[in-house]
Each structure stands twice: as C-alpha cells, then as structure tokens.
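One structure is given below, encoded as structure tokens.
What follows is calculated from the coordinates using simple rules that are stated; it is not laboratory data. Predicted model, so just to flag it, every value in this text is computed and none were measured. We place every Cβ from the backbone using ideal geometry, glycine too, and count neighbours over all the protein chains shown.
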Amino acid sequence: MQIGLIGFGAIGREVCARLQADPRFEITVLTRSPVSDTPSGVVAATSFDDLLVRAPDLIVECAGHEAVQNYGSATLSAGIPLLVASVGALADAGLEAALFASAQSAGVRLILPSGAIGGLDVLRALASEGELTLHYEGIKPPTAWKGSPAQDLINLDALETATTFFDSTGRDTALRFPKNANVVAALALAGGGFDRMRACLIADPAASANTHRYRVMSEACTYEMQIQNAPSPGNPRTSLTTVLSIVENIRAFAAQSTCDQTKA
C-alpha cells in the first residue's frame, strides 16, 4: 500500500519509523524543504504533484494547519482518502465545510484520529442523542507550552504552582493554539461542535507528563476521563499517543482496504 506523508517533523518522523517496520507500506514523504536524512526506502517528493504521481492509497497530513489548508481539499478531490493529524485546523468553519464537502463529492474518506485522547465513541453517541456539557482541561509542564501564545500570557519560567492561563470556547482555543490544541478539536468534533465546549489550558511546574482531562454531562450519561501521556521524543508539545493513534488509523485503513478487496 502506498502511503503519502505530508510533513517530516517530529510527528512525521515517528509515524514513518513505525510504518517502515510494516512490510505492507511504501512511503513517500512531502516536505516544505529538501530533507537530507530521509530513511532508506522512503521516497522524497519535491511537490504535491510529485506525491500524486506515486498514486498513494492514503495521504496522511502531519505538517500543521497550513498543510491542511493547502492540500486537504486537493487530496480529497483527487479521489484519495485523507487522514488529518492537525484536526485543530477544522476550527476554521470554512475549511471544515470544504473538507467534508470534498470528501462527500469524491466519495472518499476523511479520517480524523482521536490523537492523544480517548472515549470519543461514547462522546459521539451522547452528542447524537441531544444536548450535553463538555469541559476540557489541558495540563502540561511549562516547557511544553513554550513556542506557543502561552508565552505572551504568562511567565512560564517563574511558575511555582499550576496556573490556568487560557479559558475559552473550543473554537477560540484551537485557533489560538494551533500546535497544542488538537485534542480540543477532536473533542469538539465528536461532542457537538467547537462553540459548545469549554477549554482550559494549564501550565504546571510539577507535571511530568501531558495530561488531558475532560468532563461530560448529559441526560443519558455523565463521565470523566483523564489521560496522562508521555511526550513525543521529538517534541514535548506533542503526546506520544498522538503518533500511536495516527499509526493505528493507518493500519486499520489498510486492513479495511484488504478486506474490501477480498470481498470484491
């Protein structure tokens, strides 16, 4: 199976390393600038057109919101299923609508992985039943918030206790913190919308992991979930489970494709 990978940063490299260990996959990587250390057996594409020439069965975006904007609809319109790692990009209502419209028109899948969070099956079920209340808290060490707008809101080097530095809607959070709030977007998309949830971002000097905590209240069910994730080796802002979730979705796609071919 041909996999097109857009982006070769911390997430892209981790995903690529795991896919390489699976003989089912052949990988082509598209990056903004040439990469000198592309792993053996991995093809480097110099443009999106070059990537399409490889006839990928699935394209996986691992390069941020701009990549979703630049290549998302084009991928789907070309009849190629797309897995979006940067689900926070869908906080842009126009982009969200365009992606779903392109997927529907072309009859291909738009895959949105759960990333660093779990329990989304229950959340989707509750959201389909009616109104619910959803509140999220993202807790990370101060170093994990560096390089984000948090630096303009709080002195990350001077914190002695856990401090909330941002509290807003899911949409505002995902748009303001594009590199840190993909979990917010995953919850919003499963839970009835970006404007119907509340998100709180917290820097905690005592934290040793990235913690995601959310609470759901509805007539059918009330539950709380908390996950403590080890950071990705290449980027403390990203949870390792984000990588594992992407890889699992790719494997599930490959398994389903094999099943469909067998039935045919």
- Message: At 30 angstrom or more along the helix axis (alpha-carbon based) and mean Kyte-Doolittle of 0.0 or higher, what helices does the chain contain? Whole DSSP H runs only.
- Response: 240-263
- Of L30, L52, L187, the one that fluctuates the most in a GNM where the chain has Cα springs shorter than 10 Å: L52
- Would you compute, from DSSP H runs of 4+ residues alone, the mean residue ellipticity of the chain at 222 nm, taking -39500 (n - 2.57) per run and dividing by the full residue count, rounded to the nearest 500? -11500 deg cm²/dmol
- Going from the fewest other Cβ atoms within 10 Å to the most, one would list I154, I246 as I154, I246
- Cα pair distances exceeding 35 angstrom across the chain, given as percent: 16
- Taking GluC sites (Glu not before Pro) as exposed when DSSP calls them loop (any state but H, G, I, E, B) and at most 12 other Cβ atoms lie within 10 Å, what is the longest stretch of the chain free of them, the sites themselves excluded? 1-130
- With unit charges on the beta carbon (Lys/Arg positive, Asp/Glu negative), name the residue among G191, I6, A93 whose Cα is farthest towards the positive pole of the charge dipole of the chain. I6
- Task: For the chain, set up a Gaussian network in which alpha carbons nearer than 10 Å are linked by springs, and say which option among S105, S77, S245 fluctuates the most.
- Result: S105
- Query: Using Cα pairs under 8 angstrom and six or more residues apart, how large is the relative contact order of the chain, in percent?
  - Reply: 19
